[in-house]
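A quick write-up on the structure given underneath.
The values are calculated or read from the model by the stated rules, or taken from the named source; none is laboratory data. All figures in this text were calculated on a predicted structure; none of them were measured in a lab. Note: ideal-geometry Cβ built from the backbone for every residue, glycine included; neighbour counts use all protein chains shown. Accessible surface is based on the protein model in full, side chains and every heavy atom, while ligands, DNA and RNA are left aside. Shrake-Rupley method; radii C 1.70, N 1.55, O 1.52, S 1.80 Å.
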Amino acid sequence: MKDFSWIHSLQSRCSVFTTVKNLITYINISTPWFIMFLTVPYLILRRLRARHEIDEEVRYEPPPRQYRESNINRRQFLRRRRRRRIFPVRIDLSEIDEQDIKERYRLNSDAIMSLYELIKKDLISTTKRSNAVPGIVKLLCALHYFTSGSLQSTVAEAGGITQSTFSRALSEVISAILKLADQFIKFPSDSAGLQRIKQDFQSIDGFPDVLGAVGCTHIAISPPSEMEQMYRNKKHYHSINVQIICDSDMRILDVVSQCPGSTHDSSVLKQSGIHERFDKGEFNGWLLGDAGYGVKPWLLTPFENPATEAEVRFNLSHNTTYSVVERTIDVLKSRFRCLDNPNGVLLYNPEKVSKIILVCCIIHNIAVIKNIEVDLAVDLRPPIKDESTEDDTMDGTVQRDAVVADYFSG
């Protein structure tokens, strides 16, 4: 048996020594120099490798955690790493000149703050995040959109918010202002209020017992594809036919804003609640309408072919008095260019457009109450005049003849 005691001390340093020993025993090698020939180079390599590993531990600096993810390359890492968010400067009403406020929002600062006080509980953000959009910023951006008719992205940039944030804020403002409809748009029901309207109308050109002037206007929209023809009006563009009743001060008393552009003016009136109220005899007086309506006991229209001087005088007074609703529509569209943008249309579904129209009418009445005037735009779309599609009623003809005899024959 060969003596291997001289290499027993190497067993603890070479894990493969046993394997080599067994191999030598198996092949019955008698010369120990062969064992040294196999073992010494291996030990040298182990020592060099150990020294190299020590040096690597000293020089090694662990990479960032993101780089240790073998499946994430550098481009993905740069895209995903957190960056410091930079918020743009948001609009501040106190830093804008009063004249600029009127030009941008078609209201003065007092009217804007009065409106904000009425709706601020619906605009205050409930999120606990920092840099939440203040309610007044939402209102200012919405007003800017209504009055300018610009793109959402343009309005959002001017207000210091993103386009997606503005889109949500616009819906919030619309919903909040619509809650004020019953407060700012209502037909008077008390005798004192009705009598005051009659007196104001009569002071224009002597036309008696007028409770309002009714007229329609078209608001251009992008129609739903499945109902495109319903929204095409006689001028061959798509629109909503909006009915407005106003008093002598251009304050809007009633609005119908759901009818497609192909709907005739007289049909819009028949679908309105005010038609039913007048038909039931709720009011002691009448409305003034143009030639697109048939004459009724409570709706007086001009004579198509006046035959007497009294009928001519009736027509002249009627036209002068009735023109208030035409001016009201022009002022409404001049104040809110989103309703009459010569460069585009409202790119919302008809339901939302109807809400926007009603919101603009509410703000218009606030401006009237605050005596805020606006210059008429020179590029308004020409009005669409409908011809009457219904016959004059006998009771309406009798009522009109009686007005002519009582007030215009002398």
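Structure notes:
- Among (1) open to solvent by less than 40 Å² (accessible area, probe 1.4 Å); (2) aliphatic (A, V, I, L, M); (3) closer than 28 Å to V173 by Cα, the one test that V404 misses: (3)
- Test: residue in the stretch 217-229 that is in contact with a strand residue (DSSP E or B) (Cβ under 9 Å, 6 or more places away or on another chain), under 14 Å from F283 (Cβ atoms) and either among the aliphatic types (A, V, I, L, M) or part of a loop (DSSP other than H, G, I, E, B) (or both): no
- Every pair of residues 6+ apart whose Cβ atoms lie under 9 Å, when the first sits in the stretch 271-283 and is of a type outside the set (V, I, T) while the second is assigned to a loop (DSSP other than H, G, I, E, B) and exposed (fewer than 12 other Cβ atoms within 10 Å of the Cβ): E282/S189; F283/S189
- Residue count for the stretch 349-401, restricted to those that are of a type in the set (V, I, T) and over 26 Å from the mean Cα position of the chain (by Cα): 5
- Annotation for the stretch 243-251: no member residue is more than 24 Å from R400 (Cα to Cα), in a strand (DSSP E or B), modelled with pLDDT of 95 or more and open to solvent by less than 30 Å² (accessible area, probe 1.4 Å).
- Yes/no for D254 being of a type in the set (D, E, K, R), part of a helix (DSSP H, G or I) and open to solvent by less than 70 Å² (accessible area, probe 1.4 Å): no
- As for the stretch 110-123, it holds at least one residue that is closer than 30 Å to D379 by Cβ, of a type outside the set (A, V, I, L, M, F, W, C), modelled with pLDDT of 80 or more and open to solvent by 40 Å² or more (accessible area, probe 1.4 Å).
- The C-beta contact set for the stretch 83-98 (first residue among the hydrophobic types (A, V, I, L, M, F, W, C), second residue open to solvent by 80 Å² or more (accessible area, probe 1.4 Å) and modelled with pLDDT of 80 or more, distance under 8 angstrom, 6+ apart or interchain) comprises I96/R104.
- Scanning the stretch 312-350 for residues that are under 23 Å from K198 (Cα atoms), of a type in the set (G, A, S) and surrounded by fewer than 20 Cβ atoms within 10 Å (Cβ to Cβ) yields a total of 1.
- Counting only residues that are outside any helix (DSSP H, G or I) and either open to solvent by 50 Å² or more (accessible area, probe 1.4 Å) or out of contact with any Lys or Arg (no Cβ under 7 Å at 6 or more places or on another chain) (or both), the stretch 143-155 holds 2 of them.
- Flag if K370 is touching a strand residue (DSSP E or B) at 6+ places or on another chain (Cβ under 9 Å) and open to solvent by 20 Å² or more (accessible area, probe 1.4 Å): no
- Condition check for A377: closer than 26 Å to L253 by Cβ and not in a loop (DSSP other than H, G, I, E, B): no
- Subset tally (residues that are open to solvent by 30 Å² or more (accessible area, probe 1.4 Å) and assigned to a loop (DSSP other than H, G, I, E, B)) for the stretch 156-210: 7
- Every test in (1) free of Cβ contacts under 8 Å to residues at least 24 places away in the same chain; (2) acidic (D, E); (3) in a loop (DSSP other than H, G, I, E, B); (4) farther than 30 Å from Q183 by Cβ is passed by D401 save one, and that test is (3).
- When the stretch 350-406 is filtered for residues that are charged (D, E, K, R) and more than 23 Å from N233 (Cα to Cα), the ones remaining, listed by number, are K370, E373, D375, D392, D395, R400, D401, D406.
- Taking each residue of the stretch 164-181 that is under 17 Å from Q152 (Cβ atoms) and looking for partners that are in a helix (DSSP H, G or I) and β-branched (V, I, T) with beta-carbon atoms closer than 7 Å, six or more apart or interchain, yields F166/V155; I174/I356; I174/V359.
- Filter pass, T389 being assigned to a helix (DSSP H, G or I), open to solvent by 30 Å² or more (accessible area, probe 1.4 Å), polar (S, T, N, Q) and touching a residue at least 40 places away in the same chain (Cβ under 8 Å): no
- Among the residues making up the stretch 279-296, those that are under 27 Å from E311 (Cα atoms) and surrounded by fewer than 18 Cβ atoms within 10 Å (Cβ to Cβ) are D279, G281, N284, G285, A291.
- For the stretch 260-278, residues that are in contact with a helix residue (DSSP H, G or I) (Cβ under 6 Å, 6 or more places away or on another chain) and open to solvent by 10 Å² or more (accessible area, probe 1.4 Å) total 3.
- With respect to (1) open to solvent by 20 Å² or more (accessible area, probe 1.4 Å); (2) closer than 18 Å to P260 by Cα; (3) assigned to a helix (DSSP H, G or I), the lone exception for V353 is condition (1).
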